[in-house]
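Engineer: What follows is a single structure, and I will ask about it in a moment.
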Amino acid sequence: MAIRRSTLFPAFVLAAGLCASVASAVAQPIKVGWLSSLTGPLSSAALAENEGVKLAVEEINARGGILGRQIELLTRDTAGDPTKAVNFAQQLAFSDKVSFVIGPVNSGEGLAATPILARAGVPNLVIGAVDELIDPKKYPRAFRMINTNAQWISSANSYAIDVLKKKKVAIIADTSGYGTSSAKTATEMLEKIGIKPVYSVLVDNNKTDLTDEMTKARNAGAEVVMPWSAATGLLARLLNARGEMGWDVPVVGHPALMAAQIRKLLNKPEYWEKTYAAGYVSTTFLPDGKLPARTQALVDKMRPRLGGGEIDVLFWWIALGYDTVMMIEHAVKTAGSTDPAAIQKVMEATKNHAGVYGTYSYSPTERNGFPDSGMMMNVASTFKDGSFKPAPR
């Protein structure tokens, strides 16, 4: 008997040790990197998205995590600087060894950071809109949650040309990676339908007065001004310049035109009139004055977290941030692990996954998940709880 005990005891200890090791591995948190420009001139979207990201993490962790593992959120403030985005992407991928990265928020940062995350093989939920951020061959684990920039521009172009019947277009964009790319794309898309902009200019985000640019647009005969920038300060100055000039030209373009920060920066409330922006079905009021059910449910959860009064940020940013974390939950649960290759296969097979901001579908050759049917043109001055009335047709 003594011999049998001595034989069994080491095996028991070894088995117990293996069980403990497996349990320890299962209990390890799922590290999620969050590249967010919480400060700087392009922070308005990131601050709102951050609220949605944090709420989703809290909800998932409160119900036991994903496969018994808590989410550990590693937030890095890039301040809108591509160099910082690159440094943080390297840190998250190679030092922190995260299982996922959300972001960067702004496309200019994404253009610099996405290749790094691709080389590291880290699944990346893209929330930058420029087309170059997505490529199934170059970036096989990058899946876009936000709509594409082409969807924004196409929606705005269609409204300006087909609904408002304006043919003489002025394009004003900022000098960021996003603004430069968007001005080029917008021009190309207009020229494909036979319209050459009568005026086009790139402006530094920090320029304090856009009267000169708007005067040149008016003198060029512009019937509609189409700005492509996420910088709310710049957009407010553009609207102020239009108002001070007494020019009633419609402004049609980027969804940041609807941000509450602009309302606070306008010299007069009426300067927000005749401003239309590409928005979303999910944050557009229905004919009965209500929001879609999923959106309303999230609004009700977010309101107490944002002070209990009116929600004064673009709600679709919050919904997008919330959906990114819920997509991570979907991918890990379906894959049964955080193995990057398994996550990639799950994402490629995801069809009609219902979120708040949108319903997402991907494939082995398609990494843009947001459908055209989710787009909607909105009236900026109808801002209420971060949502809007549809633009008149």
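Engineer: Using only the alpha-carbon atoms, how far is helix 43-62 inclined from the longest principal axis of the chain? Give it as 0 to 90 degrees, nearest 10.
Structural biologist: That helix lies at roughly 30 degrees to the long axis.
Engineer: For L67 and D131, what does the FRET efficiency come to when R0 = 35 Å and r is the distance between their Cβ atoms, rounded to the nearest 0.05?
Structural biologist: 0.55
Engineer: With the crude spin-label approximation of a point 7 Å out along Cα→Cβ, what separation in nm comes out for T215 versus W247?
Structural biologist: Placing both labels 7 Å along Cα→Cβ, they lie 1.1 nm apart.
Engineer: To continue, here is another question. Can you tell which of G233, V126, G309 lies farthest toward the positive end of the dipole of the chain, using +1 and -1 charges on the Cβ of basic and acidic side chains (Lys, Arg; Asp, Glu)?
Structural biologist: The residue sitting most towards the positive pole is V126.
Engineer: Just to check I understand the Karplus step: with θ = phi - 60° and J = 6.51 cos²θ - 1.76 cosθ + 1.60, what whole-Hz values come out for the range 213-225, glycine and proline as x?
Structural biologist: Result, ordered by residue: 5, 5, 5, 5, 5, 5, 5, 7, x, 4, 9, 8, 9 Hz.
Engineer: For the chain, what is the percent of antiparallel DSSP beta bridges, rounded to the nearest 5?
Structural biologist: Bridges in the chain that DSSP calls antiparallel: roughly 25 percent.
Engineer: Could you work out the local net charge near E191, counting Lys and Arg as +1, Asp and Glu as -1, over the other residues with Cβ closer than 13 Å to its Cβ?
Structural biologist: +3
Engineer: While we're on this one: Between the helical axis of 2-27 and the dominant principal axis of the chain, each derived from Cα atoms, what acute angle in degrees is found, rounded to the nearest 10?
Structural biologist: Rounded to the nearest ten degrees, it is 10.
Engineer: Let me ask you something else. Taking N as the number of residues in the range 167-322, what is its Cα Rg relative to 2.2 N^0.38 Å?
Structural biologist: Relative to the rule-of-thumb radius for its length, the range 167-322 sits at 1.12.
Engineer: Still on this structure, please answer the following. For the range 100-171 and the range 179-250, what is the separation of their Cα centres, given in Å?
Structural biologist: Taking the Cα centre of each part, the range 100-171 and the range 179-250 sit 21 Å apart.
Engineer: Calculate, for the range 36-171, the solvent-accessible area per residue in square angstrom, rolling a 1.4 angstrom probe over the heavy atoms of the protein chains. Provide the component values of the computation, followed by the final result.
Structural biologist: Numbers: 4740 Å² over 136 residues.
Per residue, the range 36-171 has 35 Å² of solvent-accessible surface.
Engineer: A further question on this structure: Under the 0.36 nm per residue contour assumption, what length would be gained going from the current alpha-carbon distance of D204 and N267 to full extension?
Structural biologist: Working it through step by step, the gained length comes to 20.6 nm.
Engineer: Which net charge results for the neighbourhood of S158, defined as the other residues with beta-carbon distances under 12 angstrom from its beta-carbon, given Lys and Arg at +1 and Asp and Glu at -1?
Structural biologist: Summing Lys/Arg as +1 and Asp/Glu as -1 gives +1.
Engineer: Just subtract the alpha-carbon distance of D300 and T39 from 0.36 nm times their residue separation and send over the number in nm, one decimal.
Structural biologist: Working: separation 261, 0.36 × 261 = 93.96 nm, distance 2.67 nm.
That pair, D300 and T39, stretches by 91.3 nm at full extension.
Engineer: Still on this model: In nm, give the distance between the simple-model label positions of M189 and K351, each being 7 Å from the Cα along the Cα-to-Cβ direction.
Structural biologist: Spacing of the two 7 Å Cα→Cβ label points: 2.8 nm.
Engineer: Could you tell me the number of lysine pairs in the range 273-393 with C-alpha atoms less than 21 Å from each other, where the two lysines are 8 or more residues apart or belong to different chains?
Structural biologist: 8
Engineer: Got the relative contact order for the chain handy, in percent, Cα pairs under 8 Å and 6 or more residues apart?
Structural biologist: Computed value for the chain: 17 percent relative contact order.
Engineer: What angle do you read, to the nearest 10 degrees and between 0 and 90, between the alpha-carbon axis of helix 107-120 and the longest principal axis of the chain?
Structural biologist: Long axis of 107-120 versus the principal axis of the chain: about 20 degrees.
The values are calculated or read from the model by the stated rules, or taken from the named source; none is laboratory data. Every value quoted in this text rests on a predicted model; they were computed, and no experiment measured them. Glycine gets a Cβ as well: all are built from the backbone with ideal geometry, and neighbour counts include every protein chain shown. For accessibility, only protein heavy atoms count, side chains too; no ligands or nucleic acids. Shrake-Rupley method; radii C 1.70, N 1.55, O 1.52, S 1.80 Å.
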